[in-house]
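Participant: Below: one structure in structure tokens.
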Amino acid sequence: MEGHDLNHRGNWGSKIAFIFAATGSAVGLGNIWGFPMMVSRNGGAVFVLVYILAVVFIGFTVMLAELAIGRHTQKNPVGAIEQIKPKSPWKLIGYLGILTGICILSFYAVVASWAVGYLVKTASGAFRGELNSEITDQIFTSFTANPFQVIFYFTIVLGITTFIISKGVKKGIEKWTKVLMPLLFLLIIFLAIRALMLPGAEAGISYYLKPDFSKFNGTVVLYALGQAFFSLSLGMGTMLTYGSYISKSDNLVTSAGWVSFADTIIALLAGLIIFPTLFAFQGVPSEMGGEGLVFKVFPLIFSKIPGGLIFGTLFFTLLVVAAITSTISLLEVPVAYAIDERKWSRQKAAIIMGIIAFILGIPSALPSGGVAFFTQIKFLGNMFFIFGNLSLAVGALLICIFVGYVWGVKKAIQEITSGDRPFRMKSLWVFSVKFLSPIAIIIILYFIKTIAG
Ligand code: TRP
């Protein structure tokens, strides 16, 4: 362990270990499941464009702000804010983050359990032979209609997550990401190339990359911004908590840059697999598949590849791993809080928070046939919107205001440049943290009224 001792809290082994762990948190279902789904619901390429702008001008800003608070205080979100601004209501940012983390974990682990189910299906040859979109659609529907199976996998996902977190940050999180993330990246590139070669892929490419500006509206911006926060793990203190384990000698700007870049590339590549494949198989698809999109489309491309069974199995294995490096980062936030502020043991904290997420996740795991409110897709979709979008946007807004005006950009910059690090985009960051990001988020939150009403 290098650099500053963080006593019982643990620390990253090195800067590269932090980058891998933070990338592990960022890259997950949000990129491969969430991003294509959002693109398909929000006008295609226009969404992609707004998303990229949101990452560059707002997401990156918030990430740097979170990392600076985290490293400065070396604490969980609640403790960190208490240290900077004692006895103030700003601590609410921390509590909101903890609540949001558990709620996101609850439905996120359900989608991860679908991925586990698909891993088992693919490996046992369920997708062999000639496939078409009707078959894969049917397979997804009947799979999610079986609550026992889904809840069984859901238990496994949360069990593994809880186990890793109970072992601690360094031992638990680092190990997974080092080898498997690069492997996922390579496989995705390979699949994207294959998808682009499918006959009929062009229509998908142009849907995905040629913006139709008549589709632009407030909803697109709302979802793009929310998706940027979700995908980069921002707005609820994950990056703040991970930042609290970074050594003082590391460069926060390049770290944040790498994580944002890697996360965005993987999301963009996932779309480059999904849309060409979807259009190649369905002509112009009338209905894009909602929450099941990825699960309906990926098997199609595997059916076109020699050795599809092996590639498919590898893909879903890596997707599960990517999901678990994200679930652990969601659970780590409430756990770090319970350890620091409530003096619980790591194990106790992990188990209790894991159980809460389990109970909250059950309605999201139930099949769509149930009572209206407990309809799976509805409940899961609503949890995603409320906690995975709105709550993160509110959290990110408060973080910007807190750093920009309460803690102050001067102190934040001191932390970012500690050890005389260069920070060339300093004034751009200050402008974004104080004005651009908060104003953009406020405008978007204001428009939700119109969107919801
Ligand atoms: N970013 C992850 C993904 O894209 C999910 C995630 C992990 C997350 N930690 C988070 C989302 C914190 C929001 C906040 O799959």
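Participant: Averaging over every viewing direction, what projected area does the convex hull of the Cα atoms of the range 118-242 cover, in nm²?
Facilitator: Taking a quarter of the hull surface, the average projection is 11.8 nm².
Participant: Restricting things to alpha carbons, find the Rg to Rh ratio for the chain using the Kirkwood radius for Rh.
Facilitator: 0.96
Participant: Tilt of helix 175-196 relative to the longest C-alpha principal axis of the chain, in degrees (0 to 90, nearest 10)?
Facilitator: So the inclination is approximately 40 degrees.
Participant: Follow-up question, since we're still on this one. Can you figure out the FRET efficiency of Ile156 with Lys87, using R₀ = 35 Å and their beta-carbon distance, to the nearest 0.05?
Facilitator: Plugging the Cβ-Cβ distance into 1/(1 + (r/R0)^6) gives 0.25.
Participant: Keeping all protein chains in position, work out how much accessible area Tyr405 exposes to a 1.4 Å probe, and write it in Å² to the nearest 10.
Facilitator: Roll a 1.4 Å probe over it and Tyr405 shows about 120 Å².
Participant: Compute, for Ile19, the solvent-accessible surface of its heavy atoms (probe 1.4 Å) with the complete set of protein chains present, and express it in square angstrom to the nearest 10.
Facilitator: 20
Participant: Roughly speaking, what is the stretch gain from Asp212 to Val56, that is 0.36 nm per residue apart minus the C-alpha to C-alpha distance, in nm to one decimal?
Facilitator: Stretched out fully, the Asp212 to Val56 stretch lengthens by 54.0 nm.
Participant: Which listed residue (Gly159, Val116, Ser142) has the Cα farthest towards the positive end of the charge dipole for the range 109-172, taking +1 on Lys and Arg C-beta and -1 on Asp and Glu C-beta about the Cα centre?
Facilitator: Going by the Cα projections, it comes out as Gly159.
Participant: Something else: Could you grab the relative contact order for the range 108-226? Cα pairs under 8 Å, six or more apart, rounded to a whole percent.
Facilitator: Relative CO of the range 108-226 lands at 25 percent.
Participant: If you don't mind, another one. Given the Cα-Cα distance of Phe431 and Phe261 and 0.36 nm per residue of separation, how much length would full extension add, in nm?
Facilitator: 59.1 nm
Participant: Using θ = phi - 60° and the Karplus form 6.51 cos²θ - 1.76 cosθ + 1.60, what ³J(HN,Hα) does each residue of the range 224-232 get, whole Hz, x for Gly and Pro?
Facilitator: Ordered by residue, 3J(HN,Hα) equals 5, 5, x, 5, 5, 4, 4, 5, 8 Hz.
Participant: Would you compute, from DSSP H runs of 4+ residues alone, the mean residue ellipticity of the chain at 222 nm, taking -39500 (n - 2.57) per run and dividing by the full residue count, rounded to the nearest 500?
Facilitator: Estimated from H runs of four or more residues: -22500 deg cm²/dmol.
Participant: At a Förster distance of 35 Å, what's the computed FRET efficiency of Lys410 paired with Phe447, Cβ-Cβ distance as r, to 0.05?
Facilitator: Working from the Cβ atoms, E equals 0.60.
Participant: I would also like to ask the following. Please list 3J(HN,Hα) in residue order for the range 135-148, calculated via the Karplus relation 6.51 cos²θ - 1.76 cosθ + 1.60 where θ = phi - 60°; whole Hz, with x for glycine and proline.
Facilitator: Couplings: 5, 5, 4, 5, 4, 5, 4, 6, 5, 6, 7, 9, x, 5 Hz.
Participant: With +1 on each Lys and Arg Cβ and -1 on each Asp and Glu Cβ, and nothing else charged, work out how big the dipole of the chain is about its Cα centre, in Debye to the nearest 20.
Facilitator: Dipole of the chain, to the nearest 20 debye: 1000 debye.
Participant: Taking the chain as the reference, fit the longest principal axis to its C-alpha atoms, fit the long axis of helix 60-73 to the helix C-alpha atoms, and give the angle between the two in degrees, 0 to 90, nearest 10.
Facilitator: 40
Participant: Could you compute the FRET efficiency for Asp420 and Lys175, with r as their C-beta to C-beta distance and R0 at 35 Å, rounded to 0.05?
Facilitator: Computed FRET efficiency for Asp420 and Lys175: 0.60.
Participant: Now, a different point. Filter Lys178/Lys296; Lys85/Lys426; Lys248/Lys426; Lys178/Lys426 down to the pairs with a C-alpha to C-alpha distance above 26 Å, please.
Facilitator: Lys178/Lys296; Lys178/Lys426
Participant: Which number comes out as Rg/Rh for the range 293-432 once both Rg and the Kirkwood Rh are worked out on C-alpha atoms?
Facilitator: Ratio of gyration radius to Kirkwood radius for the range 293-432: 1.09.
Participant: Report relative contact order for the range 279-409 in percent, whole number only (criteria: Cα-Cα under 8 Å, sequence separation at least 6).
Facilitator: The value is 10 percent.
The values are calculated or read from the model by the stated rules, or taken from the named source; none is laboratory data. Predicted, not measured: the structure shown is a model, and the values here were computed from it. Positions of Cβ are generated from backbone atoms using ideal geometry, with glycine treated the same way; all protein chains shown enter the neighbour counts. With ligands, DNA and RNA removed, areas are computed over all heavy atoms of the protein, side chains included. Shrake-Rupley method; radii C 1.70, N 1.55, O 1.52, S 1.80 Å.
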